[in-house]
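Engineer: The following block contains the structure, expressed as structure tokens.
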Amino acid sequence: MQKKIILFFLLVGMVSGCWSMAPATMAVKLDDSAFDRGAPIELTGDSATNSPDSYVVDAGDPSRKLWYLRTNLWSVQTTEGSVLINYNGKGKLIIEGKLANIVGEFGGYPSVIYGRSPWSKALAGDQSVSFPAPIARMKKLSAFVDYLLEFRQIGGNIAYDLWLTDSQFPDDPSGGVEVMVWLWKNKTWPAGSYRTESLQKVRINNVAANNSFNVYVSEKNPARAWDVVTFIIDDPSAVRSGAVELDLLDFIKTALPLVKRNDALYLQGVEFGIEFTNKDQDFDLAIDRLKIEQR
């Protein structure tokens, strides 16, 4: 009789769909787009050889990697001063640069990364998109950012940096495509030459419009093993500070034919930060929100 009762409950559980051989627990995805769930962290770098990276981890569960921060002074040999990245866990991510007498061909690109960087191979993220992701399967990749830039002296740009690669987990971006979207610039120009104008739908401070971007292309060469396509928003629409929403996939799809590539590539992740030159710098970029969504 006891065996029949046990068998009965087993059958009922299987039919109802409530029976499980595994514990009924599921990881809850947290959204740190407002920079308020992670443990505070601060990084300081002053050269390519002293340019630390680090994860931002969830304050309640260090196994959750929310973002990856890179000071990324990739071209700075020496300088007087440093770059600082501060994630305070209270709604603010600050990138501060105070540098003088920079020795180096260029400067750097301190940034926050959602997903993976082909350079560091670190993988982080807690929002609705998992990276690296095949571009061919994407329908929309919405990015919303709200930031404030203050500066006394600057040569650089505020930009997204997107790395497209042939394999899902490459050791570096060789053979791939780098797509940059500049939302603002001062005293700097992209690699390559002007190719075309592109109209893209952008919402700036809650006003939607078709904005003009100048597109520059630099094909891979002996000194650089990947193509670069840079979109620069037209000056009247440049956003030194404000809230900007756009579809990064539209920029990727516009870029690929310009370097004779198709969508059989992987997007490693989404980087956002401030790229600066080898001139003296004194700036503060405060980011209040960065939201990445795939629909």
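Engineer: Mean-square fluctuation check for the chain, GNM, Cα pairs under 10 Å: which of T165, T230, T196 is largest?
Structural biologist: T196
Engineer: Using alpha-carbon positions, what is the distance between the centroids of the range 117-134 and the range 247-295, in Å?
Structural biologist: The two parts, judged by their Cα centres, are 13 Å apart.
Engineer: Using R₀ = 22 Å, calculate the FRET efficiency as 1/(1 + (r/R₀)^6) where r is the Cβ-Cβ separation of N50 and S120; round to 0.05.
Structural biologist: So the FRET efficiency works out to roughly 0.90.
Engineer: With springs only between Cα atoms under 10 Å, which of E197, E105, E275 fluctuates most in a Gaussian network model of the chain?
Structural biologist: Looking only at E197, E105, E275, the largest GNM fluctuation is found for E105.
Engineer: Right, next: Identify the residues of the range 51-94 with backbone N under 19 Å of a label point that sits 7 angstrom from the Cα of R289 along the Cα-to-Cβ direction, or state none.
Structural biologist: 67, 88-94
Engineer: How large is the helix-only mean residue ellipticity at 222 nm for the chain, computed as the sum of -39500 (n - 2.57) over DSSP H runs with n ≥ 4, divided by its residue count, in deg cm²/dmol to the nearest 500?
Structural biologist: For the chain, the value works out to -3000 deg cm²/dmol.
Engineer: Right, here's the next one. Fully extended, how many nm does the chain gain between D172 and K90 (0.36 nm per residue separation, minus their Cα-Cα distance)?
Structural biologist: Gain in length upon complete extension: 26.1 nm.
Engineer: Okay, next question. Obtain the nm distance between the two label points defined at R152 and N221 by a simple spin-label model: each point lies 7 Å from its Cα along the Cα-to-C-beta direction.
Structural biologist: Spacing of the two 7 Å Cα→Cβ label points: 3.6 nm.
Engineer: Calculate the dipole size of the chain relative to its Cα centre from +1 charges on Lys and Arg beta carbons and -1 charges on Asp and Glu beta carbons; express the result in debye to the nearest 20.
Structural biologist: 1140
Engineer: Most fluctuating residue of E271, E96, E219 in a GNM of the chain with Cα springs under 10 Å: which is it?
Structural biologist: Fluctuation is largest for E219.
Engineer: Return a whole-number percent for the relative contact order of the range 26-294, with Cα pairs under 8 Å and 6 or more residues apart as the contact set.
Structural biologist: Over the range 26-294, the number comes to 27 percent.
Engineer: Check which residues have an amide H placed less than 5 Å from R289's amide H, if you skip close sequence neighbours.
Structural biologist: D146
Engineer: Given the convex hull of the Cα atoms of the range 26-294, what is a quarter of its surface area in nm²?
Structural biologist: 13.6
Engineer: Mean 1/r over all different Cα pairs, inverted: what Kirkwood radius does the range 180-295 give, in Å?
Structural biologist: With all distinct Cα pairs of the range 180-295 included, I get 15.7 Å.
Engineer: Pairing the Cα long axis of helix 248-258 with the longest principal axis of the chain, what angle in degrees results, from 0 to 90 and rounded to the nearest 10?
Structural biologist: 60
Engineer: Next up: Any lysines with Cα under 29 Å of the K220 Cα? List them, leaving off those in the same chain fewer than 8 positions away.
Structural biologist: K121, K139, K140, K185, K187, K201, K253, K260, K279
Engineer: For the Cα atoms of the chain, what angle does the longest principal axis make with the long axis of helix 2-16, in degrees from 0 to 90, nearest 10?
Structural biologist: 40
Read-outs: derived from the displayed coordinates by stated rules, not from any lab. Note that the coordinates shown come from a computational prediction; the quantities given were computed from them, not determined experimentally. As a convention, Cβ positions derive from the backbone with ideal geometry for all residues, glycine included, and neighbour counts pool all protein chains shown.
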